Every structure is written in C-alpha cells, then in structure tokens.
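See structure below.
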Amino acid sequence: MFRPSLLGALLILACTLAQAMEIDRILAVVDDDVVMRSELDQQLARVRTELRQNGGELPPTTVLERQVMERLILQKIQVQVAEHSGVRVSEDNLDKAINDIAKKNKLDIPQFKQILQSEGYEFARFRDDIRQEILLAKLRREEVDKRIQVSEREIDNYLTNESGAAAAGEEYRVSHILISTPSGATEIERRAAKEKADTVMKRLDEGADFGDLAIAMSDGQDALDKGDLGWRKIDEIPSLLADSARTLEVNAHSDIIRSSNGFHIVKLTGKRRGEKVMVEQTKVRHILITPNQLVSEQDAIERLRQLRIRLESGDDFATLARTHSDDRGSALQGGDLGWVSKGQMAPEFEEVMLATDPGQISAPFHTEFGWHILQVLDHRTYDGTDEVRRAKARDAVAARKREESYQDWLRRLRDEAYVEMRADD
C-alpha cells in the first residue's frame, strides 16, 4: 500500500534532479574535470562586484564570460597538475591562512564568517577558494619559481646595460593588452589575431579607454585587472615589453609588438624615481660559546663571564676571540663581524647590539647559535644605495624570469590540455 507514495516521491525526486541538471550544465570538459554553469556564474558575480568596487566599466556579458571561462579553465588544469604532482595543502596551513586574513581585517573568525555570510559568500566556499589559491601558489613555486636561478653575471649585466633609469631606481607602471595566437598557429589564425590587434589599436587612437579594451579584448592573465601590471622596475617588466615601456611618455601607448605568442600593446601609466637608501650600521665583534655534550649551558655562560672580566681588565678582544670563540669564521678575524645593518643578524643579537654603546662589552646573552658577548666599536649612517640596488637587481632579474617562465608554462599547459567547450543552450 506504500507503493503509490513511494512512486510519487521518486517522481518528485526525478523532477527535482531534472530541474537541477537543467539549471547547472557542463560548459567545458577540461582533461578529467569539468567547468559547470554554476561555477562560471559564481565567478562572474565576484568579478562584476570587484570591477564595480574599483570603478571599472563592465564589458559586455559575452566578453566577460570569455575572460572568466579562460581563467577557470587554467585553474582546472593547474589543480589537476598539482594533484598528479602530489602538491597538497594541509588543514593546519589552511586554518593559519584564514586566521591571518581575519587578523589583517581586525576580526576574529566568528565575525569574519558573519561578514562573509552578509555578502552572500558561504564560508565553506571561501575556504575552498583559499585552499585553491594556496595550492596554485605552491604549484607555481614547485614548477616555476624554484627552477629560476640568477647568476652574478646577470646581475652585473643588469647594472651595466640597463639605462640610467634603472641605475636611478626608476619604476614604471605598465598596462598590457595581448591578442594571443596558439602554438603552431596557422596563417589564417595569425592573420585573424593581427586584424583584432589592429582593431584595438584603431580604437585606442580614437580615444577608447585602455583598461576597458583590456577587459574586453585582451587574452592576458591581467585582462580583468584592466591589463595593469602594477609598479615595477624596468627589469621586472617582461623583456619583450620593457623597451617600449622605457621609451614611452606617461599615458602613451606603444605600436603593436609581435611575438611568438601573439600581438601586444603596452601603455605607460606612470613613472617614478627611486631614492637614495641610507642604512644605519653598527661595527661589532663577538665571542660565541656553543653548548654541546661537554659544555653545558651554565658552563658556556660562566666561560663568557670570565672572558668579560678579562676584557674589562685590559685583555685584547681579538686575541681572546681567536682562541675561545666557536664562530670560527669571525674568530679568525678577531671576532669582527664588520659593519652590520638592521635585520642582518638574529633578532636577539640585534637587540643587544643596538642597546650597547660604543666601547662597551655586553653581558652574556643567548641566540639560536649559542651564548655570546659582543663589543660595539662604532655606529654610522651609510649610503647603501649600491648594495641595496644590487640586491634589488637580483630580485628584479629573478622576478622577470619567473614571470616569463610562468606565462610560458601556463601557455604550454593550456596547449597540451584536452579542452572541449560545450554549447550553453
């Protein structure tokens, strides 16, 4: 007698599933994964909100959907690569990341959840999104960033060959439009891309907004950011675009630049000059006693107390450092560490160093390396512009190489992936 009600329940369930399937459809097959209509709609809503908050003009829905769909496809590809490569995000790391985000916004987790809920952003969805961001960042470090090496010659070439702008620490803010061509593009595909680039150039010359055109037309990863690459040193800009950026006037755009992956247009939106870097330094020497199986913590402290008494009685610091210090690198120099900048030493060492007047010898203190006494010899304000510039040059060369390698890597992943687009009926 329960059969009719059971049948009715099954019919209701079937209708519900049919409606759900009608609403949520597969838009693309990406290797072993899919992009669903619901995923695209959620991302579109977020991008529209971000564009409105930033004062951006919303492009036509079809254009925005194309941009967001391409971003989703690349994310799906990378997530699968991460899974196959064994890249994981632990629950502890995820919890820490979310707690850090809440703290930066001066909120506790319950307050943070309430705000997300009020904005229609379920906490479970937010958690999944942060997990994916961390996963993709870890994958990039493993597959791209860790493989980047910068030689001393590359740094020398940067400092020698770059224009006076680099030497002066000038920074550029650049925007970028890419009309891409696939690997192994046919002549027809290249001609179509060139015609599209010509159309963009014509609209720019007629006064169209560069950022709006980037959103509507660019195939670059930065398209939804209006093509903005942010403030960068000249060597942090992809080398293909750097020459144009260096020669442009602010608010001017380049001609079409052809490359192996398509056609580019660059706009210089800002330029600023770096400043001289003055560094507070301390000339310091020390004696280190490292506890071990034969030397206890108390033994180390007592030995340093005795050495301090001898130093205050007139014994030579360099001589005692050579014969007693366990830091053999500095011991050979009489304990001399040279001129030390802030942030260069262990925090406990720096704290004692900055609190000690020239000529004084500190009481024994502890760091992760063992027990120390130190003597401050002098303080100075030093023009560290060249040294800082060299360190920044290394970072700049590495950043450029990472970015270029990352874009090549993404393009290769996209070309090698199986992607089947399905009609959104």
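Miscellaneous remarks
- Restricting the range 285-300 to residues that are touching a residue at least 12 places away in the same chain (Cβ under 8 Å) and surrounded by fewer than 17 Cβ atoms within 10 Å (Cβ to Cβ) leaves a set whose member that is nearest to D326 (Cα to Cα) is T290.
- Condition met for D41 (modelled with pLDDT of 85 or more and either in contact with a helix residue (DSSP H, G or I) (Cβ under 7 Å, 6 or more places away or on another chain) or among the aromatic types (F, W, Y) (or both)): no
- Residue list for the range 317-370, restricted to those being touching a residue at least 12 places away in the same chain (Cβ under 8 Å), part of a loop (DSSP other than H, G, I, E, B) and either surrounded by fewer than 14 Cβ atoms within 10 Å (Cβ to Cβ) or of a type in the set (A, V, I, L, M, F, W, C) (or both): K342, A346, D357, P358, G359, Q360, A363, E368, F369
- Residue match in the range 227-249 (condition: farther than 23 Å from K392 by Cβ, part of a loop (DSSP other than H, G, I, E, B) and more than 23 Å from the chain's Cα centre (by Cα)): yes
- Residue match in the range 196-216 (condition: of a type in the set (G, A, S), part of a helix (DSSP H, G or I), in contact with an Asp or Glu (Cβ under 8 Å, 6 or more places away or on another chain) and within 18 Å of V397 (Cα to Cα)): no
- Of all the numbered requirements in (1) out of contact with any strand residue (DSSP E or B) (no Cβ under 6 Å at 6 or more places or on another chain); (2) aliphatic (A, V, I, L, M); (3) within 30 Å of A318 (Cα to Cα), A399 misses one, and that requirement is (3).
- Residue-level check: of (1) surrounded by 15 or more Cβ atoms within 10 Å (Cβ to Cβ); (2) over 30 Å from L377 (Cβ atoms), T282 misses just (2).
- Set D378, D424: member being assigned to a loop (DSSP other than H, G, I, E, B) and not hydrophobic (A, V, I, L, M, F, W, C): D424
- Filter result for E403 (under 30 Å from D145 (Cβ atoms), without any contact (Cβ under 8 Å) to a residue 60 or more places away in the chain and not hydrophobic (A, V, I, L, M, F, W, C)): no
- With respect to the conditions (1) closer than 30 Å to R390 by Cβ; (2) of a type outside the set (V, I, T); (3) crowded, with 17+ Cβ neighbours inside 10 Å, R273 falls short on a single one, namely (3).
- Some residue of the range 366-382 being at pLDDT below 90 and over 30 Å from S296 (Cβ atoms): yes
- Subset of the range 35-46 [touching a residue at least 24 places away in the same chain (Cβ under 8 Å) and more than 27 Å from the chain's Cα centre (by Cα)]: R37
- Scope the range 245-270; condition surrounded by fewer than 16 Cβ atoms within 10 Å (Cβ to Cβ) and of a type in the set (G, A, S); matching residues: A252, S259, S260, G270
The values are calculated or read from the model by the stated rules, or taken from the named source; none is laboratory data. Bear in mind the structure is a predicted one, so any value in this text is a computation, not a measurement. Don't worry about glycine lacking a Cβ; one is built from the backbone with ideal geometry, like all the others, and counts go over all protein chains shown.
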